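Let me begin by presenting the structure, written as structure tokens, before commenting on it.
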Amino acid sequence: MTLMPRAVPPRAAWALQQAGCDVLLARLYAARGVQTPDELDDALHHLPPPDRLLGARAAGALLADALQQGLTIGVVADYDCDGATACAVAVRGLRALGQPLGWDRVRYVVPDRARDGYGLTPALAERVRALGADVLVTVDNGIASLDGVAHARARGLQVLITDHHLPLQIDGQPRLPADCVIVNPNQPGCPFPSKALAGVGVMFYVLLALRAELRRRGVFSSQHQPRLDGLLPLVALGTVADVVRLDVHNRRLVAQGLKRIRAGVLPAGLAALLAVSQRAPARASTFDLGFAVAPRLNAAGRLHDMSLGIECLLTDDPARAHELAQQLDAINRQRRNLEAQMREQALLQLAERELPTDADQAAAVTLFDPSFHEGVVGIVAARLKDRLHRPVFVFAPAQLDDGTPCLKGSGRSIAGFHLRDALDAIAKQHPGLLLRFGGHAMAAGCTLSVDGWATFDAALRALASAWLDADMLQRRLTTDGALASERLHPDTADLLEAQVWGQGFAAPIFSDEADVLSQRLVGQHHLALRLRVQGQLMDGIWFGHSDPLPARVLLAYRLQSDEWQGARRARLVVEGAQT
């Protein structure tokens, strides 16, 4: 591994310091592209107005008509954390805005990962119609559901698509669902300044547009209208969990959500999920949302039914929230065990295949085993990608909508290898091989016939060999350089944890030379360290790493605060080493 220092523009860092920003934070922010103090102001009035989202005003009018006419709205959710929070935001927000009108006719359905696949299908549209719905609203899906939207419209449903994914491409041109209202910052012609909104962020903006429409109709006034800021904790959770880029707009949404969580103003279900994760709301961070709460919700969608997670986010009964959070925690433990078994099986496969290490032969990896679970293949692919620094696809047995056996796979990639483009290229090279595919640069999925894996494996490896060179396959870790000795303190760790970090705005990783005074294995897979860094004695931990380190090494680490025997201390969480 090579550690690469992150460049710090001196003018930007100086400007932030002059505006009163902490010296360390100014350096970190400048290195992440922040140029002016205004970008650090998270006040809600800095958010773009909802009218800048193409289709938002039409969506507000459609929903206002439904509320005023007493129509039933059916929300089609998704089975990940972004979809769950978007559904909860939709249901809570519609109820709040409909209450002054005496309206409470919102229902929701959640697709089953194995049975329904992704997006609005004709079968799901039928389920919404069976609920008695007049209006169908998708959250975090629908932009590529041409057949599902057409079926819903043919059955008399009005349709509103709220999504953030890229439209379907047909012959190189975007193809949108017809005869419906679409709100998606990534649809052609949308002038919204942030293309990185998560599905939950899009739904939140639609609710703002609905409230503005009801104000125009005289239902509310600006002085007397339902508040929607109570939804921001859920917006923050879904935004962090979906690993969308934390541009300035998303950082404001997340910061506002975290402020409310830390103040104790949060839904009962989110409080319960933090509790079962042993995280204190008063100290909640983006790390807690992304690595403690989100996995417990996502586990329901992977192994069970995301309705359980959505119900947890919707209930206002603390006792019921606690019960549901306990169930979600148990499912997540099951997911972790299953993931560990699949990961070990995958590593055994790699060892048995004696996978070559040169780029020509091993630029990408695909794995399949009849024992794999389709709900966990994406997590295993991500873990192996991190370990091998190669694009990885993992497949599991599954069934098509009609019950036909197939293979469903999920892939994760590295910089320089656009996974969805790779799938598109394979589909053109081998017509009929991919029954379905979709995704983005770094994550994608596809469905194969049961006998298609070997062909896919060879095709993916050939593409990776052509697109990736030896330099791109070299693992690199970007760091923020050395941390001054006086900053190796728990107060610094607390300061950093209080900020908003995430995709595209990476949490700080520092690097420094360290003397390794002692090292021992903890739990067979983690390396506990005693270190001397800049003359200070520090404890360190390297999770998931068991190989011993030399006596002196260049370490990359996160600074973390914890308590030991009643005293607060700082420790180093090692992320990598250049030996």
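Here, each number is a calculation from the coordinates, and none is a lab measurement. None of the values given here were measured: they were computed from a predicted structure. Note that we place each Cβ from the backbone using ideal geometry, even for glycine, and neighbour counts take in every protein chain shown.
Where in the range 230-249 is the amide nitrogen less than 17 Å from a point lying 7 Å along the Cα-to-Cβ axis of residue 36? Residues passing the 17 Å test: 248-249. In this structure the amide hydrogen of residue 399, modeled in the peptide plane, comes within under 5 Å of the amide hydrogens of 406, none closer than 5 places in sequence on its chain. Restricting the range 473-574 to chymotrypsin sites (Phe, Trp or Tyr not before Pro) that sit in a DSSP loop and have at most 16 other Cβ atoms within 10 Å of their own Cβ leaves 543. Amide H to amide H, with H built 1.01 Å from N, residue 304 comes under 5 Å of no residue 5 or more places away or on another chain. For the range 374-430, the extents of the C-alpha atoms along the principal axes are 37, 28, 12 Å, listed from largest to smallest. Averaged over residues, the count of other Cβ atoms within 10 Å places the peptides 91-102, 463-474, 298-309 in the sequence 298-309, 91-102, 463-474, highest first. Computed from backbone phi, the HN-Hα couplings of the range 524-539 come to 6, 10, 10, 9, 8, 10, 10, 10, 10, 10, 6, x, 9, 7, 9, 8 Hz, rounded to whole numbers (Karplus: 6.51 cos²θ - 1.76 cosθ + 1.60, θ = phi - 60°; Gly and Pro given as x).
The orientation-averaged shadow of the Cα convex hull for the range 244-357, equal to a quarter of the hull surface, comes to 9.4 nm².
Each residue of the range 106-111 was assigned a 3J(HN,Hα) from its phi angle through the Karplus expression (A = 6.51, B = -1.76, C = 1.60, θ = phi - 60°), giving 10, 10, 9, 10, 10, x Hz with x at Gly and Pro. The magnitude of the dipole of the range 421-579, with charges of +1 and -1 set on the Cβ of Lys/Arg and Asp/Glu and taken from the Cα centre, is near 220 debye.
Of the chymotrypsin sites (Phe, Trp or Tyr not before Pro) in the range 148-225, not one is in a loop by DSSP (not H, G, I, E or B) with at most 10 other beta carbons within 10 Å. Taking each residue as 0.36 nm, the span from residue 522 to residue 323 lengthens on full extension beyond its C-alpha to C-alpha distance by 68.4 nm.
For residue 428, go through the aspartates and glutamates and keep the ones whose alpha-carbon is under 13 Å away, minus same-chain ones fewer than eight residues off. Of all the aspartates and glutamates, those that pass the test against residue 428 - Cα under 13 Å, at least 8 places apart if same chain - are 171. Near residue 97: Cβ cut-off under 14 Å, other residues only, Lys/Arg at +1 and Asp/Glu at -1. The net charge is +4.
Modelled spin-label separation between residue 291 and residue 369, with each label point placed 7 Å from Cα along the Cα-to-Cβ direction: 2.6 nm. Can you give the alpha-carbon Rg of the range 477-578 over 2.2 N^0.38 Å, where N counts its residues? So the Cα radius of gyration is 1.04 times the expected 2.2 N^0.38 Å. Stretching residue 441 away from residue 336 to a fully extended chain increases their span by 35.2 nm, per 0.36 nm per residue minus the current alpha-carbon distance.
Each Lys or Arg adds one and each Asp or Glu subtracts one; over the other residues with Cβ under 12 Å from the Cβ of residue 19, this totals -4. If you take the alpha carbon atoms of the range 44-330 and fit the smallest convex hull around them, that volume is 124 Å³ per residue.
Distant-in-sequence amide contacts of residue 576, defined by a placed amide H-H separation under 5 Å and a gap of 5 or more residues or a different chain, comprise 556. Shown here: mean projected area of the Cα convex hull in nm², derived from the displayed model; of the candidates (1) 31.0; (2) 27.3; (3) 42.9, it corresponds to (2).
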